[in-house]
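Engineer: Dropping a structure here in structure tokens format, bear with me for questions.
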């Protein structure tokens, strides 16, 4: 089993959270802490890149549900990108595509935040 890892960095106009390895009941608290830290720092535009994630359990999925409301209440969003077919199937089975925007590539998700920023400045 691959070790779980999380890395975060700013890729304007959002923050990218890269996940790798296995996200399960043992590793989900690390992701919870990452999201909690982001909210405390008022980072509400988040792209989660699953490109290196091999497995996700229901505990891992629960982390996303726990934070999406707080993020959206602050005019932000969590966009998902780069899922392998195996990981996407887990999200799909539980109806996540109805709740989250899911993209093939991180750049697509980041571009959606750019479009939203441009739309909001055009409305002003």
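Bear in mind these aren't lab numbers, they're just calculated from the coordinates by the rules spelled out. Keep in mind that what you see is a predicted model, and the values were worked out from it rather than measured. Note that each Cβ is placed from the backbone with ideal geometry, even for glycine, and that neighbours are counted across all protein chains shown.
Engineer: How large are Rg and Dmax for the chain when only the alpha carbon atoms are used, in Å?
Structural biologist: 13.9, 51
Engineer: Which log10 I(q)/I(0) values does segment 1-66 give at q = 0.29 Å⁻¹ under the Debye formula, counting every alpha carbon as one identical point scatterer?
Structural biologist: Result of the Debye calculation: -1.38.
Engineer: Next question, about the same structure. Show that you can apply the helix-only estimate: for the chain, add -39,500 (n - 2.57) for every DSSP H stretch of four or more residues, divide by all residues, and state [θ] at 222 nm to the nearest 500.
Structural biologist: -14500 deg cm²/dmol
Engineer: Counting DSSP beta bridges with both partners in the chain, what percentage is antiparallel, nearest 5?
Structural biologist: So the antiparallel bridges amount to about 30 percent of the total.
Engineer: Where does each of 5-14, 74-83 land if you order them by average Cβ count within 10 Å, highest first?
Structural biologist: Most protected by this proxy first, the peptides run 74-83, 5-14.
Engineer: Taking the Cα centroid of segment 92-112 and of segment 11-50, what is the distance between the two, rounded to the nearest whole Å?
Structural biologist: 15
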